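Inspection log for the structure reproduced underneath, given as structure tokens.
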Amino acid sequence: MRSTFITGAVAIAPATVASAQEVTLRALSAFAEKTTYSRVFELFIERVNRDGKGVLQINYIGGPKAMPPFEVGNALKSGVVDLANSTGAFYTNVMPEADSWKLTDLYAEKMNAIFLARHVDGNPFHLYLNKPISSPDLTGLKIRITPVYRDFFQALGATVVQTAPGEVYTALERGVVDGYGWPITGIFDLGWHEKTKYRVDPGFYTAEVSILVNKSTWDRLTDAQRDLLRKAGEQAEGAAVTIFAEENAKDTKRQADAGIQTIKLEGADGKLYHDKAYEAGWAGVIRQSPQHGAKLKEFFAKAN
Ligand code: 173
């Protein structure tokens, strides 16, 4: 039997996987509980637990209070947890290619994971600032990042500081950073609007948050148990574009109402900003994964 794993304040007991009878899987979210990027996952868990009596139940351990987001990838890989709600940017330590997403084969090969469902889509990232800019030049600015933004913001001259979402508020409050990268939705969840003066438009890329299952766990499940997870996953994935179209509009208005001003990079500046995002983004993917990066660009870059 695996030993109990202790992380932060929470002791995580090993899963009981016995094929034919009800199985209980342990789940973590890399995002704070009940916030924008955990909500669909929490609904997914409710659905599985409601429909899965006698088949499969999920024990939701929680968010970053239970484990720091950048450690969740390893916890999933090793089977310390069976399911994880996370985004590629949080597990590039385990799988560098995750930053460019959607490589179902690589998930099994590199992370011992099954990519169950992407429940965030059509959700652009933005740069948020406390100091104004008048062109796509971030020279002299310190910006909070994850791997998602690193190459782009560095290409624009920024000094970058990687933090988990849970540290953004304090970093802003103490002036450790002058701004941060984050999608269009969710800045109200952790109170960042209080410390944010500007949002830079246009947005760039699209955020990805997904439910992953440890592959060894997956292989031990019965067809009925897998089916339950697949169905709940499909439901979550199917709803993503519609949910985020609404959420994006809602939070854009809420930001304006909260007094966050929009810095619109238009014309040549807007084009340069957009083009740099993709150019620097792809250069970064290819640098981090010489083996798969170029191929990924072939598959994905058309959409840009
Ligand atoms: O900014 C982040 O922490 C990050 O990379 C991310 C990715 C997807 C959704 C929200 C945030």
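Using a cut-off of 27 Å between Cα atoms, the listed pairs LYS77/LYS295; LYS197/LYS297; LYS65/LYS231; LYS195/LYS253 include LYS197/LYS297; LYS65/LYS231 as exceeding that distance. A simple spin-label model places the labels of TYR278 and GLU33 4.2 nm from each other, with each point 7 Å out along Cα-to-Cβ. Under the simplified labelling scheme, the LYS197-GLU46 pair shows an inter-label distance of 4.0 nm, with each label point 7 Å from Cα along Cα→Cβ.
Using a 1.4 angstrom probe on heavy atoms only, work out the carbon and sulfur share of the accessible area of the chain in %.
Whole-percent figure for carbon plus sulfur exposure: 52.
A straight Cα-to-Cα reach below 15 Å connects LYS264 with the aspartates and glutamates ASP137, ASP201, residues fewer than 8 places away in its own chain not being considered. Modelled this way, with points 7 Å down the Cα-to-C-beta line, the labels at ALA224 and GLU266 are 6.1 nm from one another. Cross-link partners of LYS110 among aspartates and glutamates, defined as those whose alpha carbon lies under 14 angstrom from its own and excluding same-chain residues fewer than eight positions apart: GLU97, ASP99.
In the elastic network of the chain, a GNM with C-alpha springs shorter than 10 Å, the most mobile of ALA117, ALA245, ALA171 is ALA245. Compute the label zone of ALA245 within segment 125-147: residues whose backbone N is under 20 Å from the point 7 Å along Cα-to-Cβ. Once the point is set 7 Å along Cα→Cβ of ALA245, 125 turn out to lie under 20 Å by backbone N, inside segment 125-147.
Based solely on its DSSP helices, what 222 nm [θ] is calculated for the chain when runs of n ≥ 4 H residues each add -39,500 (n - 2.57) and the sum is averaged over all residues, nearest 500 deg cm²/dmol? Theoretical 222 nm ellipticity from helices: -12000 deg cm²/dmol. As a length-normalised measure over Cα pairs under 8 Å and 6 or more apart, the relative contact order of the chain settles at 22 percent. Potential lengthening of the chain between ARG287 and ASN74 amounts to 74.5 nm, from the contour at 0.36 nm per residue minus the alpha-carbon distance.
Kindly provide the trypsin sites (Lys or Arg not before Pro) of segment 103-207 that DSSP labels as loop, not H, G, I, E or B, and whose Cβ sees at most 10 other Cβ atoms within 10 Å.
Values: sites: LYS110, ARG118, LYS142, ARG144, ARG150, ARG174, LYS195, LYS197, ARG199; in loops: ARG174, LYS197.
Qualifying residues, ordered by number: ARG174.
For segment 145-300, what's the relative contact order in percent, using C-alpha pairs closer than 8 Å and at least 6 residues apart?
On the way: 98 pairs, mean separation 51.3, N = 156.
Dividing the mean separation by the residue count of segment 145-300 yields 33 percent.
The loop-placed GluC sites (Glu not before Pro) in segment 198-297, going by DSSP, that have at most 15 neighbouring Cβ atoms within 10 Å of their Cβ come out as GLU266.
Under 12 Å from the Cα of LYS142, which aspartates and glutamates turn up, not counting those fewer than eight places away in the same chain? Straight-line reach from LYS142, under 12 Å: ASP178.
Taking the DSSP beta bridges with both ends in the chain, the antiparallel portion is around 55 percent. Size descriptors for segment 57-148 (Cα atoms only): Rg and Dmax, in that order, 16.2, 52 Å.
Could you tell me which of rounded, prolate or oblate describes segment 173-304, using a ≥ b ≥ c as the square roots of the eigenvalues of the alpha-carbon gyration tensor, with rounded for a/c under 1.5 and, failing that, prolate when a/b is larger than b/c and oblate otherwise? Oblate shape, in that a/c is at least 1.5 and b/c is the bigger or equal ratio. Were the residues from ARG254 through GLN235 laid out at 0.36 nm apart, the gain over their Cα-Cα distance would be 4.1 nm. To the nearest 10, the accessible area of LEU190 is 70 Å² with a 1.4 Å probe.
The values are calculated or read from the model by the stated rules, or taken from the named source; none is laboratory data. Since this is a predicted model, take the numbers as computed values, not measurements. When we count neighbours, we look across all protein chains shown, and the Cβ atoms used for this are built from the backbone with ideal geometry, even at glycine. In case anyone asks, the SASA skips ligands and DNA or RNA and just uses the protein heavy atoms, side chains included. Shrake-Rupley method; radii C 1.70, N 1.55, O 1.52, S 1.80 Å.
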